[in-house]
1. Would you please name the GluC sites (Glu not before Pro) within region 245-332 that are DSSP coil residues with at most 13 other C-beta atoms within 10 Å of their C-beta?
2. As a check on your grasp of the helix formula, calculate [θ] at 222 nm for the chain: sum -39500 (n - 2.57) over DSSP H runs of n ≥ 4, divide by the residue count, round to the nearest 500.
3. Which FRET efficiency value, to the nearest 0.05, do you get for ASN81 and ILE46 by plugging their Cβ-Cβ distance into 1/(1 + (r/R0)^6) with R0 = 30 Å?
4. Which whole-number percent gives the relative contact order of the chain, counting Cα pairs below 8 Å spaced six or more residues apart?
5. Taking the dipole about the Cα centre of the chain, with the C-beta of Lys and Arg at +1 and of Asp and Glu at -1, give me whichever of LEU205, LEU41, HIS166 is farthest to the positive side.
6. For the chain, what is the charge dipole size about the Cα centre, in debye to the nearest 20, if Lys and Arg each add +1 at the Cβ and Asp and Glu each add -1 at the Cβ?
7. Starting from 0.36 nm per residue, how many nanometres of slack lie between ARG61 and GLN318 once their C-alpha separation is accounted for?
8. Does a label point 7 Å from the Cα of ARG226, set along Cα-to-beta-carbon, have any residues of region 180-199 with amide nitrogen under 16 Å, and which are they?
Amino acid sequence: MSNSNETKSVERHAELGWHGTDRNAPEVVQQREYLGANNGLRDVEILDPSEIERAVKIFRRDGFVLVGDALSPDQTEFLRNGVVEVVDEIVAHDSERGGNRGSHRYSFGGSSVTRSMLHRPEWQMLVDLPTVTPIVTAIFESSDYLLRSASGDFCLPGAIEYQPLHSDIRDFAPDGNTPFSAFHDPRGFLTLRDLPCPYVCVNFLPFDQTALNGPTRQIPGSQHSRAPIPTLDEEPEWMRLSTACPAPAGAIQIRDVRAWHGGTPNLSDELRAIPNLEFYAPWFREPMIPGITYADHKKLSEHAQHLTRLSVMDSSEQLPAGYVVKPLPNRT
């Protein structure tokens, strides 16, 4: 993307954001200055894609790892342009910027009528990258893993609130409201956090992730913790500042979905978007919803076809398209 186009994109998303909030309000300016000076993990390490063993070691220790140059400049631009197009389509359905993951916050897959973004060529491109596939294969110690979803999230400028820390998966609870991603040991010995990683999330960065544009906060080592996840009122300040930044466009963040994480304020004038892919471990499965047509599936690499084998529609079926924005129900 040229500098001229980047400037136009920034201006457009600054206009899309900051709905109902003055970006120059004293409390916003104060928080912007504070985050600019303090936000971000200290000495965060960004690996080269060739450092596969080290990536696996850090992933298993911290519950996440950052890898730079996973996307080429051309791939980054292609992904960025597609993301901007999708963002504009989604936000057009939400004039009040209420979001579906909190104010000014949105899930890509959660906005798609298919619950997936795999119909988009930008997400299809990500399924089998030579810089990413070897690392995911090493994490699972097998190439026979499976695509769970193609989604991600974005936050507009003016997302001034913190998203509560959460995990994307949990143990079974006898309340009738347990998601598919659950585990139950009737003996009471093991929890989901005692097992190998059931699935990973790979976030792709089409934009730089900075201290001010809503970087994901990630709590190192929390993937194995049995402690209750702190609420926003309970969360210590160091956790609020434990964000994966700075990280450059073209990088990826691979995370264990059990690890505690959450969104942070976007006090910039820039869109922050992290499209993702999630991959099941070879031993873990859930019900699947098709997200790619038979014709598009046949265009993928052989390995990508294998990874998406439960996401493809029958050749006689048509894939619905479109977006809708519905607020996320309160979690219980």
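1. Values: sites: GLU270, GLU278, GLU302, GLU317; in loops: GLU270, GLU317.
Passing sites in region 245-332 are GLU317.
2. On the way: 10 runs with 90 residues, N = 332.
My calculation for the chain gives -7500 deg cm²/dmol from helical runs alone.
3. After rounding to 0.05, the efficiency reads 0.80.
4. Working: 640 pairs, mean separation 96.0, N = 332.
This gives 29 percent for the chain.
5. Projecting each Cα onto the dipole axis, the largest value belongs to HIS166.
6. Working: 31 positive and 45 negative charges, 135 e Å.
It works out to roughly 640 debye.
7. On the way: separation 257, 0.36 × 257 = 92.52 nm, distance 4.33 nm.
Extra length from ARG61 to GLN318 when fully extended: 88.2 nm.
8. What the label zone holds, given the 16 Å backbone N cut-off, is 183-196.
The numbers here are math on the coordinates, done by the rules we state, and not lab data. Just so it is clear, the structure is predicted and the values come from calculations on it, not from any experiment. We place every Cβ from the backbone using ideal geometry, glycine too, and count neighbours over all the protein chains shown.
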